[in-house]
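First comes the structure, then the notes that go with it.
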Amino acid sequence: MCRLLTLLFILLTAGCSQLETRPEPPPPPTSRAQEVTRAQSQSLSQSRLGTVSVSEHGSPDDAERAIAAKANAAGAAYYYIQLVSETVMPGLWYSSAILYGPLTTASPQQ
């Protein structure tokens, strides 16, 4: 029994390390908004523009395309999709995302 509890404890603590996110740099900005991962969005927190959400009939891909269109219309350089979920109505998908502007380098103060 003690060995089983020890093994369970080791597996649980090892599993927690898999949830840790190490920051990664986002890709270079382009003319269109780019989707970033959670790890890439951590370095963008200073350039947060706001959030957008959509409800789209069709598939999860349709909801993601609508988010990308809203991000481009808002002038965002990057967006991180937080949620894509089917609503109570079959075929109606809800999605929300955080928009980020281009990275700005701090200018030296004089």
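To keep it simple, each residue is scored yes or no on (1) in a helix (DSSP H, G or I); (2) on the phi < 0 side of the Ramachandran plot; (3) surrounded by fewer than 13 Cβ atoms within 10 Å (Cβ to Cβ).
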site: Glu24; (1), (2), (3): no, yes, no
site: Ser55; (1), (2), (3): no, yes, yes
site: Arg65; (1), (2), (3): yes, yes, no
site: Ala71; (1), (2), (3): yes, yes, no
site: Tyr79; (1), (2), (3): no, yes, no
Take Val84 and decide whether it is of a type in the set (Val, Ile, Thr), surrounded by 13 or more Cβ atoms within 10 Å (Cβ to Cβ) and farther than 20 Å from Gly101 by Cβ. yes
Can you name every residue in segment 78-106 that is more than 17 Å from Ser55 (Cβ to Cβ) and modelled with pLDDT under 95? Gly101, Pro102, Leu103, Thr104, Thr105, Ala106
Answer residue from segment 40-53, given it is surrounded by 15 or more Cβ atoms within 10 Å (Cβ to Cβ) and assigned to a helix (DSSP H, G or I) and is farthest from the chain's Cα centre (by Cα) among those: Ser47
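The values are calculated or read from the model by the stated rules, or taken from the named source; none is laboratory data. The structure displayed is predicted, hence computed values, not measured ones. Cβ: placed from backbone, ideal geometry, glycine included. Neighbour counts: every protein chain shown.
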